[in-house]
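The values are calculated or read from the model by the stated rules, or taken from the named source; none is laboratory data. What you see is a predicted model; the values in this text were computed from it and never measured. Positions of Cβ are generated from backbone atoms using ideal geometry, with glycine treated the same way; all protein chains shown enter the neighbour counts. Quick note on the areas: whole protein, heavy atoms, side chains included, nothing else; ligands and nucleic acids left out. Shrake-Rupley method; radii C 1.70, N 1.55, O 1.52, S 1.80 Å.
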Amino acid sequence: MPSTEILEHTFTVAKPTIAPTTHVSQIYPTSNTLPENLLKFYIYFSAPMQRDQTYSHIRLLDQSGKEISDPFLEVTPELWSPRTQRFTLFFDPGRIKRGLMPNQDLGLALKEGNNYHLVVSSSLKDANNNRLTAAYTKTFTIRTADRTSPTTKIWRITPPTKKTHEPLVLKLDEPLDHALLHRLIEIKNPKEQTLAGKVEITHNETRWHFTPQTPWASGPHTVHINPILEDVAGNQLTRLFDMNLENQTAQITSSDPIVLPFQIP
């Protein structure tokens with residue numbers, strides 16, 4: 001019986017070239033005028049991203065194009081949302097809080113009256129190991145530091161019409177933290193039940209819109225706000241981020257929600 005010869009060949013299949021599609025979709029805060037003691041940025045991507053080495057692809061430049069040294073708090077693991085489409089970029093709190101050594105030695109990374117550029121390099125890669133479609137730059141101007149808490153007493157409520165899906169609108173007193181606005185405010189109906197619905201944030205994070213899944217009922221409703229809700233400088237509703245340590249015990253630290261009533265006739 002004739003023998004059968006088996007021939008083996010080794011070859012490599014080149015990875016197909018795929019045009020990149022992932023991009024930076026938005027950076028929060030969206031305003032182009034930000035406080036000197038800004039606490040963080042949220043960088044949103046159009047698709048899931050790789051989790052490591054993000055900091056090396058992000059730079060903060062001054063108005064002359066010079067890179068600012070060590071402005072951010074680089075933490076491990078990196079601060080990604082579960083789907084790795086939102087990256088949280090903190091400024092170094094030690095440089096923000098007065099009285100701490102980094103603040104005394106280096107000062108604030110951002111200076112009032114100056115312009116800055118936050119640059120996300122196109123070399124940053126998505127979960128499929130592809131680069132971004134293009135670099136993204138957010139240019140912004142710095143105003144005076146914000147060292148006061150948001151004031152819910154002057155928030156304006158625009159109530160909806162009963163038996164509709166019209167949105168309830170809260171007009172806030174200042175821009176608040178985009179991510180926290182999505183999860184720290186809820187609406188309760190006349191039976192004190194929390195309503196399910198969709199939240200939308202607009203007007204540079206100064207408008208909160210809530211559209212219910214079911215039509216509005218008439219009667220008394222309430223807005224419940226978790227007191228740890230922050231402005232863009234990290235000031236909570238009942239506690240400042242940057243404060244004199246001697247006055248720390250004088251601040252209100254209640255965990256009870258702040259309740260704002262409104263009526264749907």
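Observations on the model:
- Once both labels are positioned 7 Å from their Cα atoms along Cα-to-Cβ, the gap between Phe262 and Thr211 label points is 1.6 nm.
- Spatially, the range 22-96 and the range 156-229 are offset by 28 Å when compared through their Cα centroids.
- Rotationally averaged projected area of the range 121-187 (alpha carbon convex hull; nm²): 8.8 nm²
- Paramagnetic reach from Asn115 in the range 60-89 [backbone N under 17 Å; point 7 Å along Cα→Cβ]: 60-68
- The per residue volume of the convex hull around the alpha-carbon atoms of the range 129-248 is 183 Å³.
- For the range 28-40, Karplus couplings with θ = phi - 60° (6.51, -1.76, 1.60), whole Hz, Gly/Pro x: 10, x, 7, 4, 9, 10, 10, x, 4, 9, 3, 8, 7
- Summed residue charge, Cβ within 15 Å of Thr84's Cβ, Lys/Arg positive, Asp/Glu negative: +1
- Around Leu73: net Lys/Arg minus Asp/Glu count, Cβ-Cβ under 14 Å: -1
- Cα-based radius of gyration of the chain once divided by 2.2 N^0.38 Å, which approximates compact folds: 1.31
- Projecting label points 7 angstrom from Cα along Cα→Cβ for Ala19 and Glu200 puts them 3.1 nm apart.
- Protein heavy-atom surface of the chain, 1.4 angstrom probe: 51% of the accessible area is carbon and sulfur, with nucleic acids and ligands not counted.
- Based on Cα contacts under 8 Å between residues 6+ apart, the chain shows a relative contact order of 18 percent.
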